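Report on one structure; see the data block that follows.
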Amino acid sequence: MESASRVVSQQAWVLAACLEHLRVTGRLTAQADVARLAVAIIAALQGGYVLAQLARDSRPLADALDMALARVRALAPQRS
């Protein structure tokens, strides 16, 4: 059985690779730190999930996802 740390590291690596693709193709700014962004997204989702479970309400998870996606959108190049 894999440790939780290893699973989270693998998730962060996969997400960072996807974000790097967005960066390389110009959908994220060149300054975007994809590794940090990936970890922040996972942290938001994990925290949102825990809060949703405790509250028996999906809103904390939805809010966490909305906030994570807003951060990704904020790193998109401005289109004129």
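Read the figures in this text as sums done on the coordinates, not as results from a lab. As the structure is a prediction and not an experimental result, all values here were calculated from the model. Virtual Cβ from ideal backbone geometry, glycine too; neighbours counted across all protein chains shown.
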Could you give every pair whose Cβ atoms fall below 7 Å, whose first residue belongs to the range 3-17 and is β-branched (Val, Ile, Thr), and whose second residue is surrounded by 11 or more Cβ atoms within 10 Å (Cβ to Cβ), counting only separations of at least 6 or pairs across chains?
Val8/Ile42
Restricting to the range 15-55, and then to whatever is of a type in the set (A, V, I, L, M) and surrounded by fewer than 11 Cβ atoms within 10 Å (Cβ to Cβ), can you tell me which residue is nearest to Gln78 (Cα to Cα)?
Ala30
Taking interchain pairs and intrachain pairs at least six residues apart, which have beta carbon atoms under 7 angstrom, with the first residue in the range 27-44 and free of Cβ contacts under 8 Å to residues at least 12 places away in the same chain and the second surrounded by fewer than 14 Cβ atoms within 10 Å (Cβ to Cβ) and not in a helix (DSSP H, G or I)?
none
